[in-house]
Amino acid sequence: MRLTKWLVPTLYITFLLLPIYWLVNMSFKTTNEILGGFSPWPKNFTTASYVEILTNPVWYNGYISSISYVLINTVISVSFALPAAYAFSRYRFLGDKHLFFWLLTNRMAPPAVFALPFYQLYSAIGLFDTPWAVALAHCLFNIPLAVWILEGFMSGVPKEIDETAYIDGYSFPRFFVKIFMPLIASGIGVTAFFCFMFSWVELLLAKTLTSVAAKPIAAVMTRTASTSGYELGLLAAAGVLTIIPGAIVIYFVRNYIAKGFALGRV
Amino acid sequence: MTKTWNNRAWFLVLPVLLLVAFNAIIPLMTVVNYSVQETFGNNLFFFEGTKWYQDVLASPRFHASLLRQFMFTFIILAIEVPLGVAIALTMPRSGPWVSVCLVLMALPLLIPWNVVGAMWNIMALPDIGLLGYGLNKLGIPYNFTRQPFAAWFTVVLMDVWHWTSLVVLLAYAGLRSIPEAYYQAAKIDGASRWSVFRFIQLPKMNRVLTIAVLLRFMDSFMIYTEPFVLTGGGPGNATTFLSIDLVKAALGEFNLGIAAAMSIIYFLITLLVSWIFYTLMMRGDEQ
């Protein structure tokens, strides 16, 4: 019984790690060795691919622009969603349920539907090929999600706390920042994690809304794969480097992951 | 919690409303606009009514992509939800290994989708990939760029790899909210493993599992990047799901009218199914 209990998670985690191992394995091989045939680990261990990525501005600028639009998006999504989530969790108002569902429908909109109109919209307002365009476009699906998660966490805070603070003479903004936000700090962290995650992994809109200056790392990768032959080693190394920011972010929220994934409403 | 009626709450919602409306309504109007017009370039448009909708609804190509899309979503839901629940049930309930498990399991969720596609492409290459080489060594002929079945197998396996963890984490969050006293009571009553699952664990997971199915439905229904990078929609059209077909029509063939009409139909189908799940979920909440 004890053994089988360990067996399933271990097998599953092994299954998860195998493709990642294979990617890491490829990233340390020379192009010749990759094309030469199957080998379970690098025979001529080389870090040439990583050196190329970290010294060539085309590559590392991809990382910088990806990280900048992800951070802008996370800040905008969380700060806009906070007051809205408070309204949904504390008050009933005209059309609240319809509004909440309408927000969620935007999470259901396939990005492929919006790619072309987004291109025209952001070209028209002059934001095309800036991190701001991608950050704002990603708000389409991140803000609804942020409102949804935060609303769950806020509903867990008893309303008496609000009322006591108002009686004590706190104004709404002061109460919100000084008392309420610290209470849902873990919820804010989890929400930021989700916004980071969905903005970081999205490619279709990020690629459509940028051309040269703000090209995300994912787009640099697809272009490399298609234009300069099939440089698997470089592609693999770039892939490995895209896993690292995610891994760091997970590490920070590891204790809240379980609750956060239930969107605060178990 | 009882909520007070206060229409001034609208001011708190307003910023979100404006930002999302800017992003959602203007592009949606553009798409609707294209879907009822014909253009020959030079910004000349002619009203076409429902012609494009009729074309799309009658086109065998659309039927085929839609069927593939439903099949794919159905298969991955049928695999990922039971598998995710099973894994969550076997995970340790407390102790230092919980964090390690959670971090490792969440890892695939944070990998950019094109990297997921590229990773599985490298993994599945018949000559140098661990999966492709391994299967061929075992005597199973496998080449995902030639055999439609192998392509489907790889795409499904990739999605299971990518997203099962989401179900695991949600189900696990549900399980953790069960007080230890419930299990002790079940033990005293001599309840079987199955009845513990059926009457204690499943009801507690009900709510999070609905979220899991809703999220998995929405995301698998819009899947684009991963299969596009892995198979490019091929071999032939074997793995051309709705989004891939749509991008092909809009950006590849520049068939704006058709693509726009298809977008609207696609969006409406996603909305309808999601609405059903959402209503079920909200009904569960009220009880």
- Compactness ratio of the range A:100-241: Cα Rg over 2.2 N^0.38 Å, N = residue count? 1.40
- Item | Mean Cβ count within 10 Å, highest first, over the residues of peptides A:134-141, A:90-97 | A:134-141, A:90-97
- Task: Work out the mean other chain Cβ neighbour count within 10 Å for the residues of B:192-201 and drop it here as an integer.
- Result: 0
- Message: What is the distance in Å between the Cα centroid of the range B:170-197 and that of the range A:239-255?
- Response: 33 Å
- Using only alpha carbon pairs under 8 Å that are at least six residues apart, calculate the relative contact order of chain A and give it in whole percent. 32 percent
- Item | Packing rank of B:69-76, A:167-174, B:255-262, where each peptide gets the mean count of other beta carbons within 10 Å, highest leading | B:255-262, B:69-76, A:167-174
- Using the Kyte-Doolittle scale, which helices in chain B average at least -0.5 and also have C-alpha atoms spread 30 Å or more along the helix axis, with helices defined as whole DSSP H runs? B:10-35, B:60-90, B:148-176, B:256-286
- Query: Per 10 Å bin from zero, what fraction in whole % of the C-alpha pairs of the protein assembly as shown is there, up to the bin with the longest pair?
  - Reply: 3, 16, 27, 27, 17, 7, 2, 0
- Query: Counting each DSSP H run of 4 or more residues in chain B as -39500 (n - 2.57), what helix-only mean residue ellipticity at 222 nm follows after dividing by all residues, to the nearest 500 deg cm²/dmol?
  - Reply: -23000 deg cm²/dmol
- Query: How would you rank B:245-251, A:199-205, B:181-187, highest first, on the average number of other Cβ atoms within 10 Å across their residues?
  - Reply: A:199-205, B:245-251, B:181-187
- Query: Kirkwood hydrodynamic radius for chain B: how many Å is it when counted over pairs of different Cα atoms?
  - Reply: 22.3 Å
- Amide H to amide H under 5 Å from B:Q37: which residues, 5+ apart in sequence or cross-chain, H placed 1.01 Å off N in plane? B:E48
- Message: Averaged across orientations, what area in nm² does the convex hull of the alpha carbons in chain A project?
- Response: 19.6 nm²
- Shape descriptors of the range B:244-287 over alpha-carbon atoms, Rg and Dmax in angstrom, are 15.7, 50
- Item | Range of Cα positions in the range A:15-158 per principal axis (Å), largest first | 67, 41, 26
- Take peptide B:62-75, look around each residue's Cβ out to 10 angstrom, count Cβ atoms belonging to other protein chains, and average those counts. 0
- What is the mean number of Cβ atoms from other protein chains located within 10 Å of the Cβ atom of each residue in peptide B:217-230, rounded to a whole number? 3
- Message: If you filter the range A:1-85 for trypsin sites (Lys or Arg not before Pro), then keep DSSP loop positions with at most 13 other Cβ within 10 Å, what is left?
- Response: A:K43
- Item | In Hz, Karplus ³J(HN,Hα) per residue of the range A:16-23 (6.51, -1.76, 1.60; θ = phi - 60°; x = Gly, Pro) | 5, 7, 4, x, 5, 4, 4, 5
- Theoretical ellipticity at 222 nm over chain A - DSSP helices of four or more residues, -39500 (n - 2.57) apiece, nearest 500: -24000 deg cm²/dmol
- Query: Summing Lys, Arg as +1 and Asp, Glu as -1, what charge do residues with Cβ under 12 Å from the Cβ of B:D245 carry, B:D245 excluded?
  - Reply: +2
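Values in this text are rule-based calculations from the coordinates and carry no lab data. Bear in mind that the values here come from a model prediction, so they are computed numbers and not experimental data. Virtual Cβ from ideal backbone geometry, glycine too; neighbours counted across all protein chains shown.
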